[in-house]
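Heads up, the thing below is written out as structure tokens.
The values are calculated or read from the model by the stated rules, or taken from the named source; none is laboratory data. On a predicted model such as this, the values are computed, not experimentally measured, just so you know. Ideal geometry is used to build each Cβ from the backbone, glycine not excepted, and the neighbour counts take in all protein chains shown.
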Amino acid sequence: MSVVEMVEAIKTRKLSPVEIMDAVLSRIERLNPRVNAYCTLLAESARKQATEAEAKVMKGEELGPLHGIPVSIKDLTFTRGVRTTFGSRIYENFVPDRDAVVVERLKAAGAIMIGKTNTPEFGFMGVTDNLLFGPTRNPWNLERHAGGSSGGAAAAVAAGMGPLAQGSDGGGSIRIPSSFCGVFGIKPSFGRVPRGPGFPDWQTLTHYGPITRTVPDAALALEVMAGRDDRDRWSLPETGLRYLSALGGDLKGLKVAWSPDLGYAVVDPGVLEVTSAAVATFETLGCTVEAAAPEARNPGRTFAAIWAVTFASRYMDKLEEWRDQMNPRLVALIEQGKDRLVMDYARAAVGREEYCEQIQPFFERYDLLLTPSTAVPAFELDKFEVTEIAGVKGSPVLDWTPFSHPFNFTGQPAASVPCGWTDDGLPVGLQIVGRRFDDVTVLRAAAAFEKASPWADRRPPLD
């Protein structure tokens with residue numbers, strides 16, 4: 001069932017929170033040893049809270065918008081009294097004394113935390129594997145990656161081990177695993193969902209958002225997550241907007257750009273075939289679709305410079321004691337970042353601003369931009385990077401994720417919708433990017449596409 005269906009079933013007493021929790025926890029017990037989506041499970045406390053939630057229903061008390069709904073929290077996000085490891089042996093036994101704002105809000109809405117989901121160490125790469133818990137496997141093919149860094153979150157939702165997951169996205173970390181796992185994920189406008197309190201993240205690159213199986217579920221979750229909190233000085237003012245009710249209406253008159261490569265990316269032929277076919281759906285929905293790309297250079301090197309320096313500034317002081325117990329790829333990234341000159345970082349910061357200026361005129365002409373979510377489908381677990389796409393060799397770091405990080409630079413809302421499967425049964429995602437602060441149009445377009453090309457009834461072959 002979708003979150004929206006569960007909420008209604010609880011309110012009308014057709015299902016109890018206890019029944020839902022028992023079903024979800026039973027499935028986690030059966031499937032998580034194979035998928036490894038959860039690194040910390042809170043079965044006992046979740047069952048207790050479900051019993052309390054049921055009592056509130058039976059007493060006729062006022063219920064929150066997510067009353068009794070199981071939710072998972074990414075292991076990069078602070079959870080009061082619950083181990084938060086950041087996927088690192090350094091913090092294997094760390095227990096925060098406070099919740100992040102997004103966790104506070106989910107709890108206040110009546111959601112019940114069922115566990116923490118796996119992530120790469122400090123969220124540093126686009127696949128989910130770490131020395132503490134091992135890899136999260138893709139529910140569609142257990143020998144493939146689930147993506148990252150919200151890989152545990154997306155895999156849990158795809159496998160039916162919970163209907164709602166909290167994710168975070170500093171360079172594609174919601175959209176990449178959503179694409180790999182065949183679920184819906186949205187990176188809202190920067191600041192729409194407050195960040196922290198917690199360890200410093202990727203500053204103005206990081207967005208928090210929901211991962212779900214359907215668009216309405218994400219819209220409902222975003223209603224709970226969004227809104228100003230002064231603990232995050234970048235958080236946006238409260239709009240009072242109800243995203244779920246805003247999903248209705250058609251897309252007639254929207255001007256949509258389709259770019260299979262943003263002018264520079266190399267894309268797997270299977271991904272290109274599926275996403276190109278999906279774009280035609282937007283024409284049937286009344287949109288004017290044109291092949292077009294922003295007149296902007298590839299920002300990959302600029303992003304890589306900021307990425308490396310940010311990690312070096314955060315974790316360089318850990319190397320002396322913990323180097324041998326950290327992911328060697330993360331160590332290499334930190335070493336690379338600490339050797340960069342201040343001027344290199346300053347140039348990268350200016351380069352980011354220049355890129356945003358280059359993008360802005362494009363979104364004066366178009367309401368939405370469509371691209372593939374990733375350049376490749378999920379790849380093998382024994383690989384941590386992609387060095388060749390469609391016969392072309394290139395940078396092993398960013399070439400397979402060329403479509404996501406540019407919109408962390410700009411802070412625009414961007415979502416990944418499942419749009420088909422490859423010949424060997426792997427999901428493919430289509431990215432929908434909107435204008436700054438126009439989260440509603442992204443959600444509305446995603447909902448219309450879902451209605452025209454539904455995906456939620458197709459399940460991974462796990463049972």
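Filter the helices (runs of 4 or more DSSP H) completely within segment 1-67 down to those with at least 3 residues that are farther than 28 Å from Leu462 by Cα and not basic (Lys, Arg). I'd like the intermediate steps shown before the answer.
Working: elements: 3-11, 17-35, 43-58.
In segment 1-67, the matching helices (runs of 4 or more DSSP H) lie at 43-58.
Which of the residues that make up segment 334-349 are part of a helix (DSSP H, G or I) and basic (Lys, Arg)?
As a first pass, look at segment 334-349 and keep what is part of a helix (DSSP H, G or I): 334-338, 342-349.
Lys338, Arg347, listed by residue number.
Could you look through segment 102-122, keep only residues that are more than 12 Å from Thr84 (Cα to Cα) and within 15 Å of the chain's Cα centre (by Cα), and pick out the one that is surrounded by the most Cβ atoms within 10 Å (Cβ to Cβ)? Lay out the reasoning, then the answer.
Of all residues in segment 102-122, those more than 12 Å from Thr84 (Cα to Cα) come to 102-114, 120.
When the remaining residues are screened for being within 15 Å of the chain's Cα centre (by Cα), the result is 102, 120.
Details: Val102: 27, Pro120: 29.
Looking at the filtered set, the residue picked out is Pro120.
Considering only segment 164-276, give the strands (runs of 3 or more DSSP E) lying wholly within it that have at least 1 residues that are closer than 22 Å to Leu370 by Cα and aliphatic (A, V, I, L, M).
Here the list reads 184-187, 207-212, 255-258.
Of all residues in segment 408-457, which are over 16 Å from Thr281 (Cβ atoms), more than 16 Å from the chain's Cα centre (by Cα) and of a type in the set (D, E, K, R)?
Asp423, Asp424, Arg435, Arg436, Asp438, Asp457
For segment 283-313: of the residues being part of a helix (DSSP H, G or I) and β-branched (Val, Ile, Thr), which is surrounded by the fewest Cβ atoms within 10 Å (Cβ to Cβ)? Even if it seems obvious, please write down each step before you answer.
Taking segment 283-313 and keeping what is part of a helix (DSSP H, G or I), we get 283-284, 300-313.
From what is left, the residues that are β-branched (Val, Ile, Thr) are 284, 302, 306, 309-310.
Numbers: Thr284: 12, Thr302: 21, Ile306: 26, Val309: 23, Thr310: 20.
My answer is Thr284.
Okay, residues lined up against (1) modelled with pLDDT of 95 or more; (2) outside any loop (DSSP other than H, G, I, E, B); (3) touching a strand residue (DSSP E or B) at 6+ places or on another chain (Cβ under 9 Å); (4) over 28 Å from Phe409 (Cα atoms):
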| residue | (1), (2), (3), (4) |
| --- | --- |
| Arg98 | yes, no, no, yes |
| Val103 | yes, yes, yes, no |
| Gly115 | yes, yes, yes, yes |
| Val127 | yes, no, yes, no |
| Phe133 | yes, no, yes, yes |
| Gly152 | yes, yes, yes, no |
| Val157 | yes, yes, yes, no |
| Met161 | yes, no, yes, yes |
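Is at least one residue of segment 225-237 crowded, with 17+ Cβ neighbours inside 10 Å, in contact with a helix residue (DSSP H, G or I) (Cβ under 7 Å, 6 or more places away or on another chain), among the basic types (Lys, Arg) and not assigned by TED's automatic domain parsing to the domain that holds Trp307?
Checked against the condition, which is being crowded, with 17+ Cβ neighbours inside 10 Å, in contact with a helix residue (DSSP H, G or I) (Cβ under 7 Å, 6 or more places away or on another chain), among the basic types (Lys, Arg) and not assigned by TED's automatic domain parsing to the domain that holds Trp307, segment 225-237 yields no hits at all.
Residue-by-condition table, conditions (1) surrounded by 13 or more Cβ atoms within 10 Å (Cβ to Cβ); (2) part of a loop (DSSP other than H, G, I, E, B):
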{"site": "Tyr315", "(1), (2)": "yes, no"}
{"site": "Trp322", "(1), (2)": "yes, no"}
{"site": "Ala332", "(1), (2)": "no, no"}
{"site": "Cys356", "(1), (2)": "yes, no"}
{"site": "Leu370", "(1), (2)": "yes, no"}
{"site": "Ala375", "(1), (2)": "yes, yes"}
{"site": "Glu385", "(1), (2)": "yes, yes"}
{"site": "Val417", "(1), (2)": "yes, no"}
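Of all residues in segment 135-149, count the ones that are assigned to a loop (DSSP other than H, G, I, E, B) and surrounded by 24 or more Cβ atoms within 10 Å (Cβ to Cβ).
Filtering segment 135-149 down to residues assigned to a loop (DSSP other than H, G, I, E, B) leaves 135-136, 139-140, 146-149.
When the remaining residues are screened for being surrounded by 24 or more Cβ atoms within 10 Å (Cβ to Cβ), the result is 136, 139-140, 146-149.
Going through segment 135-149 one residue at a time, the tally reaches 7.
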